[in-house]
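In what follows, a single structure is set out as structure tokens and then discussed.
The values are calculated or read from the model by the stated rules, or taken from the named source; none is laboratory data. Predicted model, so just to flag it, every value in this text is computed and none were measured. All Cβ positions, even for glycine, are placed from backbone atoms using ideal geometry, and neighbour counts span all protein chains on display.
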Amino acid sequence: MSPFRLTYTLSRRQRLAVEIMPWLPAVAASLGFMVGAAFLATTASVWFLFLLLIPPLVYRGLVVFLFDLIVRGGRRVEVFVDETHLEIVSGGERRKLTLGGMFQVFRSGDTWTALHLDGSVLTIPAHAITSEQIEYLKSFTRRAAAMRT
């Protein structure tokens, strides 16, 4: 198959489903810390309310992500695929991945998800990619699985 290019926009829901996963431990820790600080503020001293400022300072990236998700919503993504590499451009960030490092491509609802060995997750709306292009991406995961056995 010849190289191809995809351009699409991820919705808020699609972005949240993918991008919140690395932040889940931070969300859990922040909620626990904030509940504890609120409890101390109501039972011991109002000065403990200042502790509520710590999680947003420590997890600035989470606050920026949530703000971006609320304000901008969707994110434009461009994917360039050639014989050996997959290049993703999104939000001013550019990542180049080897196609040989892809280990899973699957469909979930209205999106296709491609997982890479370096931890990268590529989400593609089903309407933005053809079945031939999906089969091309899956061929690399099949080759990798055959080499492992």
Residue pairs qualifying under the 7 Å Cβ cut-off, at least six apart or on distinct chains, with the first in region 10-29 being of a type outside the set (S, T, N, Q) and the second being exposed (fewer than 15 other Cβ atoms within 10 Å of the Cβ), are Leu10/Gly74; Arg12/Gly73; Arg12/Gly74; Val18/Val121
The condition of being part of a strand (DSSP E or B) and among the aromatic types (Phe, Trp, Tyr) holds, among Trp47, Trp23, Trp112, only for Trp112
Those residues of region 24-38 that are under 21 Å from the mean Cα position of the chain (by Cα) and either surrounded by fewer than 13 Cβ atoms within 10 Å (Cβ to Cβ) or in the same structural domain as Ile88 (by TED's automatic domain parsing) (or both) come to a total of 3
Going through region 1-20 in order, the residues found to be part of a loop (DSSP other than H, G, I, E, B) and in contact with a helix residue (DSSP H, G or I) (Cβ under 7 Å, 6 or more places away or on another chain) are Met1
When Gly36 is run through (1) part of a helix (DSSP H, G or I); (2) touching a helix residue (DSSP H, G or I) at 6+ places or on another chain (Cβ under 6 Å); (3) at pLDDT 90 or above, the failure sits at (2)
Restricting attention to region 114-134, the residues that are under 18 Å from Glu83 (Cα atoms), of a type outside the set (Val, Ile, Thr) and in contact (Cβ under 8 Å) with a residue 40 or more places away in the chain number exactly 3
Among residues of region 71-89 being free of Cβ contacts under 8 Å to residues at least 24 places away in the same chain and closer than 21 Å to Leu122 by Cα, the residue nearest to the chain's Cα centre (by Cα) is Val89
Is it the case that Glu93 is more than 23 Å from Leu16 (Cβ to Cβ) and either surrounded by fewer than 12 Cβ atoms within 10 Å (Cβ to Cβ) or not assigned by TED's automatic domain parsing to the domain that holds Arg142 (or both)? no
Within region 39-62, the residues that are under 31 Å from the mean Cα position of the chain (by Cα) and loosely packed, with under 15 Cβ neighbours inside 10 Å are Leu52, Leu53, Ile54, Pro56, Leu57, Val58, Arg60, Gly61
